[in-house]
Amino acid sequence: MDQSPFARRVSDDVFGYVQPDGSWWINNCGFVAAGDHTVVIDTCSTERRTRALLETAAATGGAPVTTVVNTHHHGDHTNGNYLAEGATIIGHRKTREVMVATGINTYENSFTGSDWGHLELRPPEVLFDDRLTVHAGDVRLELIHPGHAAHTTNDVLVWLPQRRVLFVGDLIFNGGSPFALMGSPAGWRKALDLVRELEPETIVPGHGPVCGPEAIDVVDGYLGFLQKLASRGKAAGLTPLQAAREADLGPYEGLSEQERLPANLHRAYAELDGLEWGAPIDLGAAMADMVTFNGAPIRCFS
């Protein structure tokens, strides 16, 4: 029996943990009830939210959380790792590298309103590069890195082939604007081809409601729009912020978090300059342009 309004059964013993409204710092997670233990997919941005997730997972599964899988390094998916006491944290090698190098990031100059609680850095302890299989009772979880930068440099798909369920991390924002600042628009689109090849029936996105494969084309279309907008803006001598302000979003006007557009353009401009997918750029300048575009620090509800 579901123990929380956030827990949604997507298959036998498999749950998406969907937190409304999926905006900044409010992510989705998941868990698999394996009988004598529970496997959790991602933690949350704040102490309060992560405690609620872990309590729900253990209560619904009727067994302690022994394993946590991180889909990438961003704090809304990893800040709560430390609260999974006694559990093993699994993630991509670059997830650990980025977390160790940067620590916990709350970007206080860009965001306001989050109730972080007490946070401690805990990067993954079990690392992989390409693929790793995790068994949760009778459920097999295939952890897949696309082999290149996409949303970030260290995205992990959690694929349950027997159930046709995919925990896709932030490769899918369902209803929200994709955020490519720390990854690659081109690499992300290539990663979406991999998602299509898996042929999932149910997708638990990193943000927004559980969906089907129809959400893939929306994200892919936005990223293609972003690349064209960057090409036109750069050719016209516009800065990313200027290009964002002049943009006609067309079919993507209804997506939330439109302030991500100038930051996304910073990354798209860098790729037009020949920068490798996911290579470092000036994150501070891009985040500042987001705040300027928004007209104020971005209000969060986490």
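Going through region 279-297 one residue at a time, which ones are part of a loop (DSSP other than H, G, I, E, B) and buried (at least 20 other Cβ atoms within 10 Å of the Cβ)?
Correct list: empty.
Could you tell me whether region 142-158 includes any residue that is within 18 Å of the chain's Cα centre (by Cα), outside any loop (DSSP other than H, G, I, E, B) and among the β-branched types (Val, Ile, Thr)?
yes
Yes or no: Val158 in contact with a Ser or Thr (Cβ under 7 Å, 6 or more places away or on another chain) and open to solvent by less than 10 Å² (accessible area, probe 1.4 Å)?
yes
Any idea which residue in region 25-56 is most open to solvent (accessible area, probe 1.4 Å), counting only those that are touching a residue at least 40 places away in the same chain (Cβ under 8 Å) and among the basic types (Lys, Arg)?
Here the answer is Arg48.
Can you tell me which residue within region 228-265, out of those that are within 16 Å of Ile298 (Cβ to Cβ), part of a loop (DSSP other than H, G, I, E, B) and touching a helix residue (DSSP H, G or I) at 6+ places or on another chain (Cβ under 9 Å), is most open to solvent (accessible area, probe 1.4 Å)?
Gln258
So which residues in region 181-195 are part of a helix (DSSP H, G or I), under 14 Å from Gly278 (Cβ atoms) and out of contact with any strand residue (DSSP E or B) (no Cβ under 8 Å at 6 or more places or on another chain), if there are any at all?
Once the filter is applied, which keeps residues that are part of a helix (DSSP H, G or I), under 14 Å from Gly278 (Cβ atoms) and out of contact with any strand residue (DSSP E or B) (no Cβ under 8 Å at 6 or more places or on another chain), region 181-195 yields Pro185, Ala186, Gly187, Arg189, Lys190.
Quick one: in region 8-24, which of the residues that are of a type in the set (A, V, I, L, M, F, W, C) and open to solvent by 10 Å² or more (accessible area, probe 1.4 Å) is nearest to the chain's Cα centre (by Cα)?
Selected residue: Trp24.
Is at least one residue of region 160-180 in a helix (DSSP H, G or I) and over 10 Å from the mean Cα position of the chain (by Cα)?
no
Could you please find all residues in region 92-104 being under 15 Å from Tyr82 (Cβ atoms) and open to solvent by 50 Å² or more (accessible area, probe 1.4 Å)?
The answer is Arg96, Val100, Ile104.
Which condition number does Ala268 fail, the rest of (1) under 19 Å from Leu171 (Cα atoms); (2) among the aliphatic types (A, V, I, L, M); (3) surrounded by 21 or more Cβ atoms within 10 Å (Cβ to Cβ); (4) in contact with a Phe, Trp or Tyr (Cβ under 8 Å, 6 or more places away or on another chain) being met?
It is condition (4) that Ala268 fails.
If the Cβ limit is 9 Å and pairs must be 6+ apart or interchain, which residue in region 203-220 that is free of Cβ contacts under 8 Å to residues at least 60 places away in the same chain pairs with which residue that is aliphatic (A, V, I, L, M) and part of a loop (DSSP other than H, G, I, E, B)?
Here the result reads Ile203/Val210; Val218/Leu255, each pair linking region 203-220 to a residue that is aliphatic (A, V, I, L, M) and part of a loop (DSSP other than H, G, I, E, B).
The values are calculated or read from the model by the stated rules, or taken from the named source; none is laboratory data. All of these numbers come straight from a predicted model, not from anything done at the bench. Backbone-built Cβ (ideal geometry, glycine too); neighbour counts: all protein chains shown. Only protein heavy atoms, including side chains, enter the accessible area calculation; ligands, DNA and RNA are left aside. Shrake-Rupley method; radii C 1.70, N 1.55, O 1.52, S 1.80 Å.
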